[in-house]
1. Which is within 20 Å of residue 202 (Cβ to Cβ) and part of a helix (DSSP H, G or I), of 125, 110?
2. Tell me which residues, restricted to the range 1-31, are open to solvent by less than 70 Å² (accessible area, probe 1.4 Å), more than 22 Å from residue 46 (Cα to Cα) and either at pLDDT 95 or above or not in a loop (DSSP other than H, G, I, E, B) (or both).
3. With respect to the numbered conditions (1) at pLDDT 65 or above; (2) closer than 30 Å to residue 66 by Cα; (3) open to solvent by 90 Å² or more (accessible area, probe 1.4 Å), which one is the sole condition not fulfilled by residue 163?
4. Tell me, please, whether a residue that is outside any helix (DSSP H, G or I), modelled with pLDDT under 95 and over 26 Å from residue 108 (Cβ atoms) can be found in the range 41-59.
5. Could you look through the range 105-140, keep only residues that are in contact with a helix residue (DSSP H, G or I) (Cβ under 8 Å, 6 or more places away or on another chain), polar (S, T, N, Q) and at pLDDT below 95, and pick out the one that is least open to solvent (accessible area, probe 1.4 Å)?
6. Taking the condition under 24 Å from residue 192 (Cα atoms) and open to solvent by 50 Å² or more (accessible area, probe 1.4 Å), does residue 70 pass?
7. Cβ-Cβ below 9 Å, separation at least six or inter-chain, first residue in the range 91-106 and touching a residue at least 12 places away in the same chain (Cβ under 8 Å), second acidic (Asp, Glu) and open to solvent by less than 50 Å² (accessible area, probe 1.4 Å): which pairs?
Amino acid sequence: MQHNDTSTRFSSGSNPWLLASVTVFLLVWVSTFVWTNDLNNWFIENALVFLSLAFLIGTYRIYRFSTLSYVLISVFMCLHVYGSQYTYAENPFGYWMMETFDHSRNHYDRLVHFSFGLLLAYPMREAFIHWLDYPRSSAWLLPILTTLAVSAVYEMIEWAVAEILFPAQGPAYLGTQGDVWDAQKDTFMAFSGALIATIAMGLTRNKGLINEK
């Protein structure tokens, strides 16, 4: 296991990008809680946010991501918690896309699933290389496979939680909007995002834009 040797870069005082990312996320997160129109759904949707924050904080002394990774993670989490404010199927930005591009449904959920793969592929690759000490050749494919696996497991957990624990909030939580292939399409969107991110990383790694050391 490799430990990140750039710890001085990650204090809030010396890393304004990290501080800004955390601050923006917390402001967005709190605002979604204050202004949500479905508090029960908000807590259900944010269960993984609490777990993710606990993981990031708990492992901070063991492994610290690069600034770029923290920014990407923060952007994704902002998109997710914004969806939890209204429920994904009722998200205003999704309705704006629906009207602007003449879609038949609110696609905000698809946007977030796509963003999961697009924005988190780089942090995953970084963790595989620098934390878990995987070969760089394997670390190209692993974020894509991890995205597929996590997306599939998430869809199963989402179904189980809605069916067993919160049947009353199930339709809002799942946000299928009548699409029987919703879970498969969400997984495909995440896969597409991870694939695009991996291709982009491959094209830019020799330009000094990503951390390969």
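The values are calculated or read from the model by the stated rules, or taken from the named source; none is laboratory data. Since the structure is predicted, the reported quantities are computational estimates derived from the model, not experimental observations. Here the Cβ positions follow ideal geometry from the backbone for every residue, glycine too, while neighbour counts run over all protein chains shown. When the accessible area is computed, the model is the full protein with side chains, heavy atoms only, and any ligands, DNA or RNA have been set aside. Shrake-Rupley method; radii C 1.70, N 1.55, O 1.52, S 1.80 Å.
1. Numbers: 110 fails: within 20 Å of residue 202 (Cβ to Cβ).
Residue meeting the stated conditions: 125.
2. Once the filter is applied, which keeps residues that are open to solvent by less than 70 Å² (accessible area, probe 1.4 Å), more than 22 Å from residue 46 (Cα to Cα) and either at pLDDT 95 or above or not in a loop (DSSP other than H, G, I, E, B) (or both), the range 1-31 yields 7, 10.
3. Of everything listed in (1) at pLDDT 65 or above; (2) closer than 30 Å to residue 66 by Cα; (3) open to solvent by 90 Å² or more (accessible area, probe 1.4 Å), residue 163 misses just condition (2).
4. Step one: filter the range 41-59 for residues outside any helix (DSSP H, G or I), giving 46, 59.
Still in the list and also modelled with pLDDT under 95: 46, 59.
Pick out the ones that are also over 26 Å from residue 108 (Cβ atoms) and you get 59.
Scanning the range 41-59, I find at least one residue that is outside any helix (DSSP H, G or I), modelled with pLDDT under 95 and over 26 Å from residue 108 (Cβ atoms), so the answer is yes.
5. 106
6. Numbers: under 24 Å from residue 192 (Cα atoms): yes; open to solvent by 50 Å² or more (accessible area, probe 1.4 Å): no.
So residue 70 fails the test.
7. Note: pairs meeting the criteria are 91/109; 94/109; 105/179.
Yes/no matrix, rows are residues, columns are (1) open to solvent by 30 Å² or more (accessible area, probe 1.4 Å); (2) modelled with pLDDT of 85 or more; (3) farther than 20 Å from residue 66 by Cα:
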residue	(1), (2), (3)
102	yes, yes, yes
142	yes, yes, no
152	yes, yes, yes
158	no, no, yes
174	yes, no, yes
180	yes, no, yes
